[in-house]
Ligand SMILES: Cc1cc2nc3c(=O)[nH]c(=O)nc-3n(C[C@H](O)[C@H](O)[C@H](O)COP(=O)(O)OP(=O)(O)OC[C@H]3O[C@@H](n4cnc5c(N)ncnc54)[C@H](O)[C@@H]3O)c2cc1C
């Protein structure tokens, strides 16, 4: 009997389990450890990051099919494998249901690309599906039912944090712990040390979530659904839009130590506003090694100014003139925040000048293509941050040292979204199946 331990039951773990269980393997048990809850309980308690489905479950379910978006998995498995797997990934998450799709071949998109180009901005285009938070949860229920039907091979252990000291008790260990669990990240660092594996990358994307009346961007989102725009600030930082939610909602994500801002949109519930993140990439060099500390410190400060665990909101007009948004100014504005619990305040007290200036410069650049994107009543919410996992230098894709230990999904540092995280799971399921 061969024993496999799977750490986590998030996106990449689901890719692994669904692929592995497609074929019947005799004398194999998979113990899947998940520190969060099983799906139904999780939905009831609205647990955003942990539990069956992982960080992806409560997400908006945007699937970008371009290998350039959502990670660097091609550096691991190559383009040929990517193309071989991409339909399987899409099928896993859509299950043949009707979802929204971007129309990137439209002639108007070419004009749009040119418009951004003329203003020194890059519009990144990708085939794209939008599942929506509501439908995604239905799909996950179906996936869970499929996996429950394989109980002869797969055993779930919910509410159980995997004990990394038991690794040697298994024939194979697949770590799919994501990038949001600090304790697991520390355990992974220890493993990298044990297997004498070097790692690279020390950066963070930090910024704000921006909310505008949906009329301003409808023409764009009707065409593309998600617009991914990238530019350079005057201090040569990369600035980009991320996770556009047409007629969506801004949300606060309460972690254990701090809250960050994010956005959602639903297939069947629409607001009057559109939101997206504007993120500035910050790289660090010696002697500072901990980008996580940088991002979390800024976030804690923002939460403190907003009132315990809360998110700050500020009018764009106030942000650029360096004054605090008050309750009165917010109410006078034409735009009502979709995150009603956000506290009006001043993000200039938190964001370093370089980041604040980069955000302002980017919004002004974008306004040359999207009229009204720099309206004074538009709203900034802070802080939004995207943390990067350490990127180990693997000798074989996702494999730690000579042992049968694999690190997949966002924990590997090579994926950053649903498509590529799932693909890493599928890939390692095939690798392990070929060894049995
Ligand atoms: C709010 C939000 C919205 C997002 N929206 C999108 C989107 O629209 N499109 C997109 O492509 N991507 C999106 N993402 C990113 C995407 O969800 C992740 O890239 C993806 O889920 C990563 O998959 P993963 O398997 O690596 O980790 P996760 O899905 O994070 O799963 C990790 C799981 O492991 C568990 N775990 C960790 N350590 C242990 C341990 N020691 N023992 C037991 N269990 C453990 C965690 O509880 C968690 O359930 C979003 C992320 C967030 C947070």
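Looking at the chain alone, DSSP beta bridges between its own residues are antiparallel in about 70 percent of cases. Spin-label model, residue 186 to residue 138: label points 7 Å out along the Cα-to-beta-carbon direction sit 4.3 nm apart. Were the residues from residue 218 through residue 334 laid out at 0.36 nm apart, the gain over their Cα-Cα distance would be 40.0 nm.
Across segment 115-151, the residues whose backbone nitrogen lies under 20 Å from the label position 7 Å along the beta-carbon direction of residue 40 are 134-151. Look at where the Cα atoms of segment 44-116 and of segment 267-306 average out, and the two centres are 22 Å apart. Rounded to the nearest 10 degrees, the angle from helix 418-435 to the longest Cα principal axis of the chain is 10 degrees. Which log10 I(q)/I(0) values, to two decimals, does segment 203-387 give at q = 0.12, 0.14 Å⁻¹ under the Debye formula with one point per Cα? The Cα Debye sum returns log10 ratios of -0.51, -0.71. In the chain, the longest principal axis of the Cα atoms and the axis of helix 11-20 are about 30 degrees apart. Measuring from a point 7 Å past the Cα of residue 118 along Cα-to-C-beta, which residues in segment 325-364 have an amide N at less than 18 Å? So the set is 364. Assuming R0 = 35 Å, what is the FRET efficiency of residue 22 and residue 108, from their Cβ-Cβ distance, to the nearest 0.05? About 0.30, to the nearest 0.05.
Run the helix sum for the chain: -39,500 (n - 2.57) per DSSP H stretch of 4+ residues, divided by residue count, reported at 222 nm to the nearest 500 deg cm²/dmol. My calculation for the chain gives -11000 deg cm²/dmol from helical runs alone. Modelled spin labels at residue 166 and residue 80, positioned 7 Å past Cα toward Cβ, are 4.0 nm from each other.
When each of the peptides 378-387, 331-340 is scored by the mean number of other C-beta atoms lying within 10 Å of its residues, the order from highest to lowest reads 378-387, 331-340. With the alpha-carbon atoms of the chain aligned to their principal axes, the span from lowest to highest coordinate is 68, 48, 40 Å, starting with the largest.
For the chain, calculate the relative contact order in percent as a whole number, restricting contacts to Cα pairs under 8 Å that are 6 or more residues apart. RCO, the chain: 24 percent. For the chain, the longest principal axis of the alpha carbon atoms and the long axis of helix 107-118 meet at an angle near 70°. In this simple spin-label approximation, residue 47 and residue 341 carry label points 7 Å from Cα along the Cα→Cβ vector, and these lie 1.8 nm apart.
Bear in mind these aren't lab numbers, they're just calculated from the coordinates by the rules spelled out. Since we're looking at a predicted model, the values are computed, not measured. Cβ: placed from backbone, ideal geometry, glycine included. Neighbour counts: every protein chain shown.
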